[in-house]
Amino acid sequence: MSIEVKNMKLHAWIAEIKTICQPDAIYICDGSRQEYDSMMQKLIDSGSATPLKKRKNSFLFRSDPSDVARVEDRTYISTTSQDEAGPTNNWVAPAELKGIMKDLYKGCMKGRTMYVIPFSMGPIGSPMAKIGIEISDSPYVVVNMHLMTRVSSKVLELLGTDGDFIPCLHSIGAPLEPGQKDVQWPCAPIEQKYISHFPEENLIWSYGSGYGGNALLGKKCLALRIASAMAKREGWLAEHMLILRLTSPEGKQYHIAAAFPSACGKTNLAMMLPSLKGWKCECIGDDIAWLKIAPDGRLHAINPESGFFGVAPGTSYATNPMAMDTVRENVIFTNCALTDDGDVWWEGMEAELPSHLIDWKGHDWTPESKADAAHANARFTAHASQCPVICKDWENPAGVPIDIFIFGGRRTSVVPLVYEAFSWEHGVFLGATAASETTAANIGAVGNLRRDPFAMKPFCGYNMGDYFQHWFNMGEKLGSKAPKIFYVNWFRKSQDGKFLWPGFSDNSRVLKWICERVDGKIGAENSAIGLLPNEGDLDLSGLTLQSESIKELMSVNVDEWKAELPDIEAHFATFDKRLPAKLKDQLEELRKRLG
Ligand code: OXD
Ligand code: MN
């Protein structure tokens, strides 16, 4: 072992996992630059990483074609009673699941090194931070964790001899026999993949996948699933939200936390360059927010992560210039295409198609090829400090005070561009009924409508009915200091299938309207579903939008909304007795307003 482990719980845990998984060697990570470089060199030598000639210190990985996204079907919340996990989670009783997984873990690290990765979610030592230790047999996980979390030997110092941490066990599930040649992306077959959470004991066990949210256990597993259960117990919130600071031309700051399902543009919004003159947007986080009520009675948010694991396809200088500048150097790319001159490429990156590429599966690609060159869920991993619009307060241990919550999703019809909740209770109803057309961020069909409450369906570590109640409780505690709640939809299409709203930097227009509402500067139009912008209040200066398009974008069709009600009822029915009465009341009020 390179570093001495003084923490007693960690010492015992390492010994236990060593006995079960039988690695050839153990390495305790210190988070240093030298460690990153030598780990990457190993990955280059083994053929897993391709250095990119055109991007300094950047590397391309190609995953196994079966291991390209989060596996929600194989993700478990394992609580003593199934009711605690609730209807949105897969459940197997802890003893049974541990039994199955222990069999899989037996000898699973043979021929490999077991890495012990001490990390902090949130600035090391911040009162809002949590310490995790990931044990993994994947050097790809180590380098990604270096960028996405704070990996450091300081974390071990902070733990001392008896400090507590969240154990996160990960194996790719691909032991090597003596002399067996390794493959480029070792992993286990889908039926052996398990992403398991034991929230009653703050424990994570992941097996069989090397990809993103399945393997970088600080992210979805710790910072959302386990943290949401902790937050419920302790009276705070762990949310699938970006955090941004918007500054008006007058210099007034607004802090916004927004929840959209995976691959619906959170990273784009978090790094937006506003098209409206004088407005400035700074990024604090693009995926996860931890929110606590501070001594001033307001909700303060931190981003527990330290990097971006962003969706590459669709990212361009037109859609997200700040992300493009973030990924100029020191980046890990996964499942992007490779250009002939040694750069990465993905669909939507630029208007012109290259004449030849190596696609994400390692095959020749030309514009005539039928399949995409990059996988739809291809990713970049980059440290947050590289983002040109990162907020100077992004690591402030006290967080930033949130003024505004925004919920949303991808809806080609029905839902208008923006509307405001009548109250906190109505806002919770909007979050609880949020729906979106599915994307490639999880394995499964793309384009189906699914209810994704608070964009937390895949990430809530306990019964979602109780989660709704927790939001009501937080509203009661916050009282008049509660953030205002809004709902947006950038994705509405016209009858002939064209996007009605330009989106991206022009979303600043919607944010400006929201800020003006929060300041009480402007009124709003009452509608059955919420408060809509009065005609002329949304700043459209410099945009060439037809007035019919604006009307269509803002329209609330009562019949279409009435047609949503049965689906909302069915969605609510799944929570049975755990559905808060306040949500039933909100549904009845909506029904009445629709007439
Ligand atoms: C992500 C996701 O990777 O939500 O952030 O899938
Ligand atoms: Mn996400």
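The values are calculated or read from the model by the stated rules, or taken from the named source; none is laboratory data. Just so we're clear, the structure is a prediction, and the values are computed from it rather than from any experiment. Here Cβ is always computed from backbone atoms with ideal geometry, including for glycine, and neighbour counts include all displayed protein chains.
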field: Restricting segment 338-371 to residues that are crowded, with 16+ Cβ neighbours inside 10 Å and in contact (Cβ under 8 Å) with a residue 40 or more places away in the chain, the residue that is farthest from the chain's Cα centre (by Cα)
entry: Thr339
- prompt: Would segment 177-192 turn up any residue that is of a type in the set (D, E, K, R), assigned by TED's automatic domain parsing to the domain that holds Met148 and under 25 Å from Leu291 (Cβ atoms)?
  reply: no
query: Among (1) in a loop (DSSP other than H, G, I, E, B); (2) within 16 Å of ligand 2 (Cβ to nearest atom); (3) over 30 Å from Thr366 (Cα atoms); (4) not aliphatic (A, V, I, L, M), which single condition is Cys283 missing?
result: (1)
message: Can you find, within segment 52-94, the residue that is farthest from Ser196 (Cα to Cα) among those that are of a type in the set (Asp, Glu) and surrounded by fewer than 21 Cβ atoms within 10 Å (Cβ to Cβ)?
response: Asp64
- request: Check Gly479 against each of (1) at pLDDT 95 or above; (2) exposed (fewer than 13 other Cβ atoms within 10 Å of the Cβ); (3) at negative phi and name the one condition it does not meet.
  value: (3)
- request: Would you check if there is a residue in segment 128-150 being part of a loop (DSSP other than H, G, I, E, B), crowded, with 18+ Cβ neighbours inside 10 Å and modelled with pLDDT under 95?
  value: yes
message: For the condition outside any strand (DSSP E or B), within 15 Å of ligand 1 (Cβ to nearest atom) and of a type in the set (A, V, I, L, M, F, W, C), what is the one hit in Ala323, Ala318?
response: Ala323
message: Return the residues of segment 286-301 that are within 16 Å of ligand 1 (Cβ to nearest atom) and part of a strand (DSSP E or B); say none if nothing qualifies.
response: Ala289, Trp290
task: Being touching a strand residue (DSSP E or B) at 6+ places or on another chain (Cβ under 6 Å) and within 14 Å of ligand 1 (Cβ to nearest atom) is the filter here, so list the residues in segment 201-211 that pass it.
output: none
Lone qualifier among Ala215, Ala188 - being within 16 Å of ligand 1 (Cβ to nearest atom), within 20 Å of Pro23 (Cβ to Cβ) and touching a residue at least 12 places away in the same chain (Cβ under 8 Å): Ala215
- request: Identify, from the list Ala229, Ala294, the residue that is more than 16 Å from ligand 2 (Cβ to nearest atom), within 30 Å of Phe165 (Cβ to Cβ) and outside the structural domain of Thr438 (by TED's automatic domain parsing).
  value: Ala229
Criterion: surrounded by fewer than 18 Cβ atoms within 10 Å (Cβ to Cβ), within 31 Å of the chain's Cα centre (by Cα) and not basic (Lys, Arg) - qualifying residue of Ser494, Ser547: Ser494
- line: Thr75: passes all of (1) under 30 Å from Ile358 (Cα atoms); (2) within 16 Å of ligand 1 (Cβ to nearest atom); (3) not basic (Lys, Arg) but (1)
message: Residues that are more than 23 Å from Phe468 (Cα to Cα) and hydroxyl-bearing (Ser, Thr, Tyr): does segment 567-581 have at least one?
response: no
query: Quick check: is even one residue across segment 218-238 in a loop (DSSP other than H, G, I, E, B), within 16 Å of ligand 1 (Cβ to nearest atom) and either farther than 23 Å from Phe333 by Cα or touching a residue at least 60 places away in the same chain (Cβ under 8 Å) (or both)?
result: no
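Residue-by-condition table, conditions (1) within 16 Å of ligand 1 (Cβ to nearest atom); (2) at pLDDT below 95; (3) in contact with a helix residue (DSSP H, G or I) (Cβ under 9 Å, 6 or more places away or on another chain); (4) among the polar types (S, T, N, Q):
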{"residue": "Ser248", "(1), (2), (3), (4)": "no, no, yes, yes"}
{"residue": "Gln253", "(1), (2), (3), (4)": "no, no, no, yes"}
{"residue": "Ile256", "(1), (2), (3), (4)": "no, no, yes, no"}
{"residue": "Met271", "(1), (2), (3), (4)": "yes, no, yes, no"}
{"residue": "Leu276", "(1), (2), (3), (4)": "no, no, yes, no"}
task: Among residues belonging to segment 257-279 that are more than 15 Å from Phe454 (Cα to Cα) and touching a Leu at 6+ places or on another chain (Cβ under 7 Å), point out the one that is farthest from ligand 2 (Cβ to nearest atom).
output: Trp279
task: Determine if segment 24-38 includes at least one residue that is in a helix (DSSP H, G or I), in contact (Cβ under 8 Å) with a residue 60 or more places away in the chain, of a type outside the set (Gly, Ala, Ser) and outside the structural domain of Asn335 (by TED's automatic domain parsing).
output: yes
- request: Give Asn214, Asn202 a once-over and let me know the one that is within 16 Å of ligand 2 (Cβ to nearest atom), modelled with pLDDT of 95 or more and within 25 Å of Lys9 (Cα to Cα).
  value: Asn214
- prompt: Just for helices (runs of 4 or more DSSP H) wholly inside segment 498-595: which have at least 2 residues that are hydroxyl-bearing (Ser, Thr, Tyr) and at negative phi?
  reply: 547-554
query: With (1) in a loop (DSSP other than H, G, I, E, B); (2) over 29 Å from Ala373 (Cα atoms); (3) in contact with an Asp or Glu (Cβ under 9 Å, 6 or more places away or on another chain); (4) within 15 Å of ligand 2 (Cβ to nearest atom) as the list, and Pro304 as the residue in question, which single condition is left unmet?
result: (3)
